[in-house]
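J.: Quick one: the structure is below, questions incoming.
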Amino acid sequence: MKLPTSSLEEWRYSRIDSLDLDRFEPVGSSSRSGGHDETIPGALVEAARRCSAGGTLVETVDGRLSIVESAPGSGAKVTVLSQAAEEPALVWAAGGLDAFGTANEAFSVDPILIEVTDRDRPVKVTVVHHCLTDGLVSFPRVLVRAAPNVDVTVTEVLSGDSACLVVPVSDLDVAANARMVYLGVQALGGRAWQIASQSSRVAAGGTLTSGVVALGGDYARVLTSSSLTGAGASSRLAAMYFASGSQMHDFRTVQDHNARKTFSELLYKGVVANTATSVYSGLIRVEKGAKGTRAFQTNRNLVLHEGARAESVPNLEIEENDVSCSHASAIGPVSEDERFYLHSRGVPPQVADRLISIGFLTEVLEQLPLGDLSPHVVEALSAKLAAAEATQAERSDRPQSGEAGQEELM
Amino acid sequence: MLAVRDLRAKVAGKEILKGIDLEVRSGEVHAVMGPNGSGKSTLSHVLMGRPGYEITSGQVTLDGQDILGMPTWRRAQAGLFLGMQYPIEVPGVSLEAVLRESFTAGGRDPADVDDLVGSEVGRVGFDARLLKRALNVDFSGGEKKRSETLQLAVLRPFFAMLDEVDSGLDVDALRDVARRVAQAAAQEGLGVIAITHYTRLLSELRPDRVHVLSGGRIVASGGSDLADELEAHGYGAWGKDEPARPPEVALAAPTFP
């Protein structure tokens, strides 16, 4: 496999140059047993399992299918495509898969096809991938096909505290007038590498609400491509990320409009602490014929400590008239005024920063389709923030981030 | 007692406070009045430890304890409170969360916050629905000042500086806020420094002492009769020809081009 390099625009700012594939073995070449989930992700996984009550639960361990449970009348049909079964084509829009997406296709051990055809009731599907073995590379692959007029909620969780490389593909097809809610929660430990691809296609009158929560990983990347292919299709894309220590969270998004009167709205908000980095690079693409498109993209980043860094690169590519598009991007430190206000009420600095950070993320937390996972995500976030503040306090020469931030609105 | 001695401070290299002396005992209400630019707000911010001010000399003690060496949050925990002229919006952070964290940091039981808040919302006329909303975000001028007063009442500081608490307030809100502060002074022994440009606050909040701040110095001190004199003659006697009552607002019909 030929790896890309950070000289490519799609990999600019990333850590791809430090990926050493020799550190990892594919599934099946090792019989080592893995570790176990951390406490908070463990609670999160339990909550995700509970969400599947009355619906469908699929779990994999290091890329291999371990559980398929479907309640009677769950409304979803699960097929494991391991035995060289015919796989439906992916929904990838123009631009296509990168090297990792292609590798997933070649190496995924148990690709999972979830077909939802029951339009009489809301359908729930939960997928949990456990990445348990150090030094292993796994390729989880989940294809969801929502038939016309169905209403389906998919929750996908990545969990496990191993030093692994996980290359997941999630491929969502929303047929005419169907409604899909998708939530991806990345709750890996701090040693994992994740290079994920999420693609979606929404047909006429269909809606997709998609959320990403990124907490773990050493380097964790998600490439999201959302394509609106039928008149009146809409997507709402949200992500919340919090990177601390020396983590890097890396997001690339494409909002692709190629039908009339389509609507997409994206909100990605994240916090970087200690010496962590985040990257957001997003493109709104309006193709010829997509008249009446409305497309919005917002990325905001809070830089909690001086050593942390955020990059934000918004882009527009418009080939049609009569469209309404905007993008906004902001990177800035904690407001000294907000800090002073909380300090003046007797709130200590570390607690004030934690409150302000969670407050900053509240807007996106409210938009994410977290459902019953909400308290667990907030708890994991709070614990991570407290740990980041403790890490920062240990560095005796704690810098004061007093400089004014850059705020750009484009 | 809150004691300020020979306090001098600079902002961006320019001396704004040029030697302030002030003593406020528990239960006393002091009004610090003065024209625009006299250093009133600077005084309150310097006492609370807001970044951006350089203290060049002087001493401030709270019950004998030096506070100028303390970070802001410790001054607050030591019993100092600043009611701000322009309370700062804090997106996503609720009033309840702030009060609970303040209690926790001060060794008080955060579970007590709910009851205290519940008993105060009516007294200060604060809309309880705002308790869970982001602090000061989309609050009206009156709601912001009622919120400041609610926080004062729940946190129970020993000394409170109220910076232009009367600005942006309608008559009802002004009365509610002033009465609650006056009660805290009379019943709970709160010492108050009420900073104001205008005298209208003082008809509700009867001050024990009135100080006139001009050019970074306290140029006159007296009883409440000093406020009456300002009401009648403005700040002209101290070199600034400004009235000490709000300008009359002409209620003309709006015109459209």
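J.: With modelled with pLDDT of 85 or more, in a strand (DSSP E or B) and touching a His at 6+ places or on another chain (Cβ under 9 Å) as the only criterion, which of A:GLU69, A:GLU46, A:GLU59 stands out?
T.: A:GLU59
J.: Moving on to the next point. State the number of residues belonging to the stretch A:239-256 that are touching a Lys or Arg at 6+ places or on another chain (Cβ under 8 Å) and either touching a residue at least 60 places away in the same chain (Cβ under 8 Å) or over 15 Å from A:TYR13 (Cβ atoms) (or both).
T.: The number of residues fulfilling the criteria is 10.
J.: Which of the residues belonging to the stretch B:207-257 are on the phi > 0 side of the Ramachandran plot, under 21 Å from the mean Cα position of the chain (by Cα) and modelled with pLDDT under 85?
T.: Of everything in the stretch B:207-257, nothing turns out to be on the phi > 0 side of the Ramachandran plot, under 21 Å from the mean Cα position of the chain (by Cα) and modelled with pLDDT under 85.
J.: Could I ask something else about it? Pull out all pairs, ordered by first then second residue, where Cβ-Cβ is under 9 Å, the residues are six or more apart or on different chains, the first lies in the stretch B:100-116 and is closer than 19 Å to B:THR72 by Cβ, and the second is loosely packed, with under 13 Cβ neighbours inside 10 Å and of a type in the set (D, E, K, R).
T.: Correct list of pairs: B:PHE103/B:ASP109.
J.: From A:GLU320, A:GLU389, grab the single residue that is at pLDDT below 95, away from every other protein chain (no Cβ under 14 Å) and over 21 Å from the mean Cα position of the chain (by Cα).
T.: A:GLU320
J.: Name the residues in the stretch B:35-77 that are on the phi > 0 side of the Ramachandran plot and touching a helix residue (DSSP H, G or I) at 6+ places or on another chain (Cβ under 7 Å), would you?
T.: B:GLY49
J.: Taking A:VAL351, is it more than 9 Å from chain B (Cβ to nearest Cβ), surrounded by fewer than 24 Cβ atoms within 10 Å (Cβ to Cβ) and either farther than 24 Å from A:SER210 by Cβ or β-branched (Val, Ile, Thr) (or both)?
T.: When the stated conditions are applied, A:VAL351 does not pass them.
J.: Follow-up. Take the residues in the stretch A:134-160 that are surrounded by 23 or more Cβ atoms within 10 Å (Cβ to Cβ) and assigned to a loop (DSSP other than H, G, I, E, B), then tell me which one is farthest from the chain's Cα centre (by Cα).
T.: Across the stretch A:134-160, the extreme among qualifying residues is A:VAL150.
J.: Given A:SER382, A:SER357, which one is within 12 Å of another protein chain (Cβ to nearest Cβ), at pLDDT below 95 and in a helix (DSSP H, G or I)?
T.: The match here is A:SER382.
J.: Quick one: is A:LEU302 within 14 Å of chain B (Cβ to nearest Cβ) and in contact with a Lys or Arg (Cβ under 9 Å, 6 or more places away or on another chain)?
T.: The answer is yes for A:LEU302.
J.: Can you tell me which residue among B:GLY19, B:GLY13, B:GLY58 is small (Gly, Ala, Ser) and exposed (fewer than 14 other Cβ atoms within 10 Å of the Cβ)?
T.: B:GLY13
J.: Being within 13 Å of another protein chain (Cβ to nearest Cβ), touching a residue at least 24 places away in the same chain (Cβ under 8 Å) and not β-branched (Val, Ile, Thr) is the filter here, so list the residues in the stretch B:46-77 that pass it.
T.: B:LEU47, B:MET48, B:GLY49, B:GLY52, B:TYR53, B:TRP73, B:ARG75, B:ALA76, B:GLN77
J.: Assuming B:LEU43 fulfils every condition listed in (1) away from every other protein chain (no Cβ under 14 Å); (2) hydrophobic (A, V, I, L, M, F, W, C); (3) surrounded by fewer than 23 Cβ atoms within 10 Å (Cβ to Cβ) apart from one, which condition is it?
T.: That leaves (3) as the condition not met.
J.: Hey, which of the helices (runs of 4 or more DSSP H) in the stretch B:81-182, taking only ones fully inside, have at least 3 residues that are more than 10 Å from every other protein chain (Cβ to nearest Cβ) and modelled with pLDDT of 90 or more?
T.: B:113-124, B:141-155
J.: Are there any pairs with C-beta distances below 6 angstrom linking a residue in the stretch A:330-348 that is away from chain B (no Cβ under 11 Å) to a residue that is small (Gly, Ala, Ser), with the two at least 6 apart or on different chains, and if so which?
T.: Here the result reads A:ILE331/A:ALA310; A:ILE331/A:SER312; A:GLY332/A:GLY405; A:PRO333/A:SER401; A:PRO333/A:GLY405, each pair linking the stretch A:330-348 to a residue that is small (Gly, Ala, Ser).
J.: Now a separate question. May I ask you to say which residue of B:GLY52, B:GLY19, B:GLY106, B:GLY83 is in contact with a strand residue (DSSP E or B) (Cβ under 6 Å, 6 or more places away or on another chain) and within 23 Å of A:ILE356 (Cβ to Cβ)?
T.: The unique qualifying residue is B:GLY83.
J.: With respect to B:GLU229, determine if the residue is more than 23 Å from B:PHE81 (Cβ to Cβ), free of Cβ contacts under 8 Å to residues at least 60 places away in the same chain and part of a helix (DSSP H, G or I).
T.: Yes: the conditions hold for B:GLU229.
J.: How about the stretch A:230-263: which of its residues are surrounded by fewer than 23 Cβ atoms within 10 Å (Cβ to Cβ) and either over 18 Å from the mean Cα position of the chain (by Cα) or assigned to a loop (DSSP other than H, G, I, E, B) (or both)?
T.: Scanning the stretch A:230-263 gives A:GLY230, A:ALA231, A:GLY232, A:SER234, A:GLY245, A:SER246, A:ASN258, A:ALA259, A:ARG260, A:LYS261, A:PHE263.
J.: Let me ask another. Answer yes or no: is there a residue in the stretch B:59-75 that is in a strand (DSSP E or B), at pLDDT 95 or above and among the aromatic types (Phe, Trp, Tyr).
T.: No, the stretch B:59-75 contains no residue that is in a strand (DSSP E or B), at pLDDT 95 or above and among the aromatic types (Phe, Trp, Tyr).
J.: How many residues does the stretch A:147-162 contain that are touching a residue at least 60 places away in the same chain (Cβ under 8 Å) and hydrophobic (A, V, I, L, M, F, W, C)?
T.: So the count comes out to 3.
J.: Working only within the stretch A:42-54, note down all residues that are under 28 Å from A:SER162 (Cβ atoms) and surrounded by 14 or more Cβ atoms within 10 Å (Cβ to Cβ).
T.: Result: A:GLY42, A:ALA43, A:LEU44, A:VAL45, A:ALA47, A:ALA48, A:ARG49, A:CYS51, A:SER52.
One line per residue, one yes/no per condition, for (1) of a type in the set (A, V, I, L, M); (2) in contact with an Asp or Glu (Cβ under 7 Å, 6 or more places away or on another chain):
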residue	(1), (2)
A:ALA231	yes, no
A:SER246	no, no
A:ASN258	no, yes
A:ALA273	yes, no
A:GLY282	no, no
A:GLN297	no, no
A:GLU311	no, no
A:ASP322	no, no
A:SER335	no, no
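J.: Evaluate the following for B:VAL117: is it under 27 Å from B:PRO91 (Cβ atoms), more than 15 Å from the chain's Cα centre (by Cα) and not charged (D, E, K, R)?
T.: Answer is yes for this residue.
J.: Taking the stretch A:181-212 on its own, how many of its residues are within 21 Å of A:TYR13 (Cβ to Cβ) and β-branched (Val, Ile, Thr)?
T.: Residues meeting the conditions: 2.
J.: Identify, please: which residue in the stretch A:360-379 is among the hydrophobic types (A, V, I, L, M, F, W, C) and either in contact with a strand residue (DSSP E or B) (Cβ under 9 Å, 6 or more places away or on another chain) or modelled with pLDDT of 95 or more (or both) and is, among those, farthest from A:SER52 (Cα to Cα)?
T.: Among residues in the stretch A:360-379 that are among the hydrophobic types (A, V, I, L, M, F, W, C) and either in contact with a strand residue (DSSP E or B) (Cβ under 9 Å, 6 or more places away or on another chain) or modelled with pLDDT of 95 or more (or both), the one farthest from A:SER52 (Cα to Cα) is A:PHE360.
J.: Report whether or not B:ARG74 is more than 27 Å from B:ILE195 (Cβ to Cβ) and among the basic types (Lys, Arg).
T.: In short, no.
J.: Out of the stretch B:180-199, which residues are surrounded by fewer than 19 Cβ atoms within 10 Å (Cβ to Cβ) and touching a Leu at 6+ places or on another chain (Cβ under 8 Å)?
T.: B:ALA182
The values are calculated or read from the model by the stated rules, or taken from the named source; none is laboratory data. Not measured: the values here are computed from a predicted model. Positions of Cβ are backbone-derived with ideal geometry, glycine not excepted, and every protein chain shown enters the neighbour counts.
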